[in-house]
1. Which ones in the range 248-268 are out of contact with any Leu (no Cβ under 8 Å at 6 or more places or on another chain) and within 23 Å of PHE93 (Cα to Cα)?
2. I need the full set of residues from the range 197-242 which are outside any strand (DSSP E or B) and in contact (Cβ under 8 Å) with a residue 40 or more places away in the chain, in order please.
3. Taking ARG190, is it of a type in the set (D, E, K, R), modelled with pLDDT of 95 or more and loosely packed, with under 15 Cβ neighbours inside 10 Å?
4. Might you check whether a residue that is surrounded by fewer than 21 Cβ atoms within 10 Å (Cβ to Cβ), of a type in the set (D, E, K, R) and over 30 Å from ARG226 (Cβ atoms) occurs anywhere in the range 114-132?
5. Going through the range 121-160 one residue at a time, which ones are within 27 Å of THR189 (Cβ to Cβ) and in contact with a strand residue (DSSP E or B) (Cβ under 9 Å, 6 or more places away or on another chain)?
6. For LEU237, only one of the following conditions fails: (1) aliphatic (A, V, I, L, M); (2) more than 22 Å from ILE59 (Cβ to Cβ); (3) at pLDDT 95 or above. What is its number?
7. Assess whether GLN295 counts as being within 20 Å of the chain's Cα centre (by Cα), in contact (Cβ under 8 Å) with a residue 40 or more places away in the chain, more than 18 Å from ALA55 (Cβ to Cβ) and surrounded by fewer than 17 Cβ atoms within 10 Å (Cβ to Cβ).
Amino acid sequence: MKVPATARENRCSSSRSVSSAQQWCCAPAYWLHHSLVVSVHYFTVDVEEYFHVSAFESIVSPNDWDRYPSRVSVGVERLLELLARHDARGTFFVLGWLANRRPEIVRAIAAAGHEIASHGWSHQRVTQLCRSRFRTDIRRAKQTLEDVAGAPVLGYRAPSFSITHANDWALDVLVEEGYRYDSSLFPITRSGYGYAGGGTDVHWINLPSGRLLEAPPATLGVGNFRVPAAGGAYFRLFPFAVVRAAFRDYDRRAQRGTFYLHPWELDAHQPRLSVPWWTRIRHYGGITRADTRLQKLLGEFRFAPISSSPELQ
């Protein structure tokens with residue numbers, strides 16, 4: 001597979017010969033025609049199997065994970081193909097458990113020029129972990145991913161965005177364990193997760209243990225409400241116009257929005273588990289149109305990995 005130009009260049013140059021693809025990778029925004037601001041947004045992927053999702057935890061025990069057929073390569077290969085076609089790069093938050101069993105997938109992602117970051121080890125929500133267990137989880141994942149990818153792991157995303165106001169002590173632990181940024185604080189109000197009132201743009205968080213850059217999932221302001229527009233089921237089930245409006249708003253304000261997706265969302269032939277109707281809609285709904293929508297999104301907006309953020313250089 002041909003590696004995109006953005007994947008071959010990690011630093012900006014002041015030379016006039018620098019390609020537009022390299023510039024998109026390194027800078028947060030560009031002025032076009034002296035009026036329109038086009039931002040370079042963050043494309044992120046939570047690399048996990050279909051049976052890892054939190055919505056299935058009541059019927060799929062971690063002890064049985066190895067009994068389910070692996071399908072993650074289907075979605076990862078398609079994502080790498082689409083990103084290469086659109087000259088884009090992204091951040092892949094990989095589950096440590098998966099990296100340990102499928103290291104070739106991690107290496108393929110890295111070889112294509114994308115960033116490898118941590119999705120934790122066991123896909124347990126942070127709300128289910130004490131400080132000590134959380135530290136063990138993220139430390140084990142970081143070490144494994146760095147060994148497999150051969151590169152430092154800078155970022156973390158909690159399973160199901162499960163860092164909330166009640167357990168944001170986890171941010172301090174991330175800094176203590178050597179992480180430089182997080183992408184877990186979803187600034188919305190909903191059952192199960194959400195960091196209501198949190199920053200909607202990329203920002204620094206000052207903590208007792210140090211500073212941590214936060215790249216929150218994208219939202220769209222509608223009146224006094226924040227509508228989730230970052231990806232996942234919202235991308236598949238909401239009208240595409242919602243996601244488009246959100247990222248155009250980030251462009252208008254010269255800010256960077258964060259998009260996310262899972263490999264299983266591009267795998268229409270994954271095994272269908274017997275789950276309640278609401279879980280079935282949430283997980284399987286819109287999967288057949290996700291690929292087409294993703295191509296449209298990549299054609300309309302510019303994307304880069306979170307590690308390319310100017311604040312981290």
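The values are calculated or read from the model by the stated rules, or taken from the named source; none is laboratory data. As the structure is a computational prediction, the values presented were derived from the model and not from experiment. Here the Cβ is made from the backbone with ideal geometry for all residues, glycine too, and neighbour counts use every protein chain on show.
1. Applying the first criterion (out of contact with any Leu (no Cβ under 8 Å at 6 or more places or on another chain)) to the range 248-268 yields 248, 250, 252-258, 260, 262, 264-265, 267-268.
Within the range 248-268, TYR250, GLN255, ARG256, GLY257, THR258, TYR260, HIS262, TRP264, GLU265, ASP267, ALA268 meet the criteria.
2. Of all residues in the range 197-242, those outside any strand (DSSP E or B) come to 197-202, 208-209, 215-218, 223-224, 229-230, 232-242.
ASP201, VAL202, ALA215, PRO216, PRO217, ALA218, ALA230, ALA233, PHE235, ARG236, LEU237, PHE240, listed by residue number.
3. Working: of a type in the set (D, E, K, R): yes; modelled with pLDDT of 95 or more: no; loosely packed, with under 15 Cβ neighbours inside 10 Å: yes.
When the stated conditions are applied, ARG190 does not pass them.
4. no
5. Of everything in the range 121-160, those that are within 27 Å of THR189 (Cβ to Cβ) and in contact with a strand residue (DSSP E or B) (Cβ under 9 Å, 6 or more places away or on another chain) turn out to be ILE138, GLY155, TYR156, ARG157, ALA158, PRO159.
6. (2)
7. On the way: within 20 Å of the chain's Cα centre (by Cα): yes; in contact (Cβ under 8 Å) with a residue 40 or more places away in the chain: yes; more than 18 Å from ALA55 (Cβ to Cβ): yes; surrounded by fewer than 17 Cβ atoms within 10 Å (Cβ to Cβ): yes.
Yes, satisfied.
A quick yes/no check of all residues on (1) over 11 Å from VAL94 (Cβ atoms); (2) without any contact (Cβ under 8 Å) to a residue 12 or more places away in the chain; (3) charged (D, E, K, R):
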{"site": "ALA110", "(1), (2), (3)": "no, no, no"}
{"site": "HIS119", "(1), (2), (3)": "no, no, no"}
{"site": "GLN124", "(1), (2), (3)": "yes, no, no"}
{"site": "THR127", "(1), (2), (3)": "yes, no, no"}
{"site": "CYS130", "(1), (2), (3)": "yes, yes, no"}
{"site": "PHE134", "(1), (2), (3)": "yes, no, no"}
{"site": "ALA141", "(1), (2), (3)": "no, no, no"}
{"site": "LEU145", "(1), (2), (3)": "no, no, no"}
